[in-house]
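As structure tokens, the structure follows; a few thoughts come after it.
The values are calculated or read from the model by the stated rules, or taken from the named source; none is laboratory data. Because the structure is a prediction, the values reported are computed rather than measured. Neighbour counts are summed over all protein chains in view; Cβ atoms, including those assigned to glycine, are modelled from backbone coordinates with ideal geometry. Surface areas here come from the heavy atoms of the whole protein model, side chains and all, with no ligands, DNA or RNA. Shrake-Rupley method; radii C 1.70, N 1.55, O 1.52, S 1.80 Å.
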Amino acid sequence: MDNRAIGIFDSGVGGLTVLWEIMKAIPNESTIYFGDTKRFPYGPRDLDEVKKLVFKITRFLYDKDVKLIVIACNTSTAAALDDLKRQYDIPIIGVIEPGARTAVYNTRNKRVGVIATEGTVKSNAYPNEIERINPGIKTFSVPAPLLVDFVEKGILKGSGLDKVIKGYLKPLYDAGIDVLILGCTHFPLIEKRILACSGNGIKVISSAVETAKDVREILEERGLCADKGKTPERFFYETGIKSKFFEVGNMFLGEEIKEVIKIKLDI
Ligand code: DGL
């Protein structure tokens, strides 16, 4: 048994979608969530710069003695997962492989669409991962940075949002996709709108559920699970001052966030 917390991070509130699934899958596990709201968004940044930020946050969580880290951000996963895995002696899990795996399993016509940040699209992480699993599948990716802004500002519905979603999805429909990956952890917060703006017969996939399953399996395999009857502790950290973390976070997690600890994490 291991009652240490699980560390989870993102550039902002998006990773809370992964935290939520972890809380449902393994409710007795304590968690420490970190949102780098001061430096949000990561999507337009150079991947080398994102890598530096990710290394710093990972060190912060590691020093808090977490037993496993979830990179609940596609951009950060694309930039640094492989290097981090090599450098740390605790399990580190990203969100790209679980989403790609689910898409491969679900596509019937072998045409998969991805909406993500510019950084994730540029990295080719999804097409590469999908090709590794099944080289017969074609992946079409569209950067959708405005959707990240909508979510971080707490705008989760409305005609302005729908119009932007439709604009991003058009080239993917034209390409004939039957599966759409939400390749950014911010997007499940607007999944209902994405579904409503999607054509019939398109399956929308978020990697959060699969990632949470992976976390549970790894904890079980390695004997790292917390005591069954344990009441979990939840900590939230952010680097920004005027961010909407609290507001958007509670909209999503209910009343779970009692306090957000502001910290300075200089790079
Ligand atoms: N939630 C993020 C992702 O999954 C990043 C959003 C951003 O910082 O641009 O890529």
Problem set entry | Helical contribution to [θ] at 222 nm, DSSP H n ≥ 4, -39,500 (n - 2.57), averaged over the chain, rounded to 500 | -13500 deg cm²/dmol
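Rounded to whole Å and sorted largest first, what semi-axes of the equivalent ellipsoid does the C-alpha gyration tensor of the chain yield via the square root of 5 times each eigenvalue? It would help to have the intermediate numbers written out before the result.
Values: eigenvalues 157, 86, 63 Å².
They are 28, 21, 18 Å, listed from largest to smallest.
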Seminar exercise, completed: quick note, the chain, DSSP beta bridge pairs, % antiparallel (nearest 5) is 0 percent
For this session: Work out, in µm²/s and without decimals, the Stokes-Einstein translational diffusion coefficient of segment 68-202 at 20 °C, 1.002 mPa s, Rh from Kirkwood over C-alpha pairs.
Result: 140 µm²/s
Exercise. What is the spread of the Cα atoms of segment 1-91 along each of their three principal axes, largest first, in whole Å?
Worked result: 39, 26, 19
Seminar exercise, completed: Highest GNM mean-square fluctuation among GLY167, GLY158, GLY176, for the chain with Cα springs under 10 Å, belongs to GLY158
Problem set entry | Cut-off 18 Å (backbone N to label point 7 Å along Cα→Cβ of ILE241), residues of segment 1-44 | 36-41
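Provide the gained length on full extension for the span LYS262 to ARG86, in nm with one decimal, where the gain is 0.36 nm per separating residue minus the Cα-Cα distance.
Working it through step by step, the gained length comes to 60.4 nm.
In square angstrom, what is the accessible area per residue of the chain with a 1.4 angstrom probe?
44 Å²
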Problem set entry | Gaussian network model of the chain, springs between alpha carbon atoms under 10 Å - residue of GLY199, GLY12, GLY119 with greatest fluctuation | GLY199
Problem set entry | Label-point gap, in nm, between LEU156 and ASN128 - each point 7 angstrom along Cα→Cβ | 3.3 nm
Problem set entry | Radius of gyration, Dmax [segment 131-266; alpha carbons; angstrom] | 18.3, 51
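Find the relative contact order for the chain and round it to a whole percent, using C-alpha pairs within less than 8 Å whose residues are 6+ positions apart.
29 percent
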Exercise. Roughly how many percent of the accessible protein surface of segment 1-144 is carbon and sulfur, given a 1.4 Å probe and a whole-percent answer?
Worked result: 46 percent
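For segment 216-267, what D do you get in µm² per second when you plug the Kirkwood radius from alpha-carbon pairs into Stokes-Einstein at 25 °C and 0.890 mPa s? Mind showing how you got there, number by number?
Details: Rh = 13.7 Å.
After rounding, the answer is 180 µm²/s.
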